[in-house]
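The values are calculated or read from the model by the stated rules, or taken from the named source; none is laboratory data. Nothing here was measured: the structure is a model prediction, and the numbers come from that model. Note that each Cβ is placed from the backbone with ideal geometry, even for glycine, and that neighbours are counted across all protein chains shown.
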Amino acid sequence: MGSLDTPEDMKLPLKDIEPLEDIPTEFFSAEHWPNCESIKEVRDQSTCGSCWAFGAVEAMSDRICIASGQKSQVRISSNDLLSCCGILCGQGCNGGYPAAAWNYYKREGIVTGNEHTDKSWCQPYAFARCDHHSTGRYEPCGASQPTPKCKKECIPEYTAHKFADDKWHAESVYSVPSQMQKIQT
């Protein structure tokens with residue numbers, strides 16, 4: 001799997017959560033925040049062991065939308081995180097540390113980006129969608145690809161911002177205790 005065990009010195013600070021007394025029996029984020037389109041998407045990591053990067057940037061995109069009152073529909077680039085975080089985040093397409101991805105987001109920032117074919121953001125993903133262990137509408141995935149080279153520039157089609165001005169940063173990053181009620185809260 002692409003997510004590597006996080007070394008102790010890379011772990012995020014633990015934020016204590018006071019559990020709610022009235023935790024609902026069901027909660028669907030796509031129903032609770034219906035105007036956050038990113039919550040309804042599942043991006044394809046293609047031929048790269050980048051689930052650690054995808055999980056992080058998809059959650060980042062969702063949280064930006066939620067914090068904006070469901071107005072901002074930005075997508076954070078898995079490609080920028082995967083290729084530019086380097087050894088601090090792990091081994092790129094050969095796995096990485098989700099906690100390090102969040103620290104990188106706070107410290108360095110990550111530009112916008114989405115699927116391989118979506119040219120409306122600074123850095124789309126380097127690899128096209130593919131069929132994973134099945135025959136369908138895309139080409140078979142095939143062998144794992146090497147990590148893309150870090151590029152500190154947006155694609156030519158993207159003219160909204162320069163690379164440095166397109167970066168999004170976290171104000172804070174933390175983990176939640178591994179207790180069901182605290183996670184649900």
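For the stretch 69-82, the criterion of being at pLDDT below 95, in contact with a Gly (Cβ under 7 Å, 6 or more places away or on another chain) and part of a helix (DSSP H, G or I) is satisfied by no residue at all. The residues on offer are 111, 42, 74, and the sole one that is under 26 Å from residue 183 (Cβ atoms) and touching a strand residue (DSSP E or B) at 6+ places or on another chain (Cβ under 8 Å) is 74. So, residue 58, is that one acidic (Asp, Glu) and either touching a Phe, Trp or Tyr at 6+ places or on another chain (Cβ under 8 Å) or more than 21 Å from residue 164 (Cβ to Cβ) (or both) or not? In short, yes. Would you confirm whether or not the stretch 113-121 contains a residue that is of a type in the set (D, E, K, R), within 28 Å of residue 34 (Cβ to Cβ) and within 13 Å of the chain's Cα centre (by Cα)? Checked the stretch 113-121: at least one residue is of a type in the set (D, E, K, R), within 28 Å of residue 34 (Cβ to Cβ) and within 13 Å of the chain's Cα centre (by Cα).
For (1) β-branched (Val, Ile, Thr); (2) surrounded by fewer than 22 Cβ atoms within 10 Å (Cβ to Cβ), each residue gets a yes or a no:
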| position | (1), (2) |
| --- | --- |
| 89 | no, no |
| 100 | no, no |
| 104 | no, no |
| 111 | yes, no |
| 129 | no, yes |
| 135 | yes, yes |
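When we screen 104, 138, 125 for residues that are part of a helix (DSSP H, G or I) and either at negative phi or free of Cβ contacts under 8 Å to residues at least 12 places away in the same chain (or both), the only hit is 104. The single condition among (1) free of Cβ contacts under 8 Å to residues at least 60 places away in the same chain; (2) closer than 28 Å to residue 119 by Cβ; (3) surrounded by 14 or more Cβ atoms within 10 Å (Cβ to Cβ) that residue 71 does not satisfy is (3). Scanning the stretch 1-57 for residues that are hydroxyl-bearing (Ser, Thr, Tyr) and either crowded, with 17+ Cβ neighbours inside 10 Å or touching a residue at least 24 places away in the same chain (Cβ under 8 Å) (or both) returns 3, 6, 29, 38, 46, 47, 50.
This table checks each residue for (1) more than 19 Å from the chain's Cα centre (by Cα); (2) at pLDDT below 95.
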{"site": "151", "(1), (2)": "no, no"}
{"site": "162", "(1), (2)": "yes, no"}
{"site": "179", "(1), (2)": "yes, yes"}
{"site": "183", "(1), (2)": "yes, yes"}
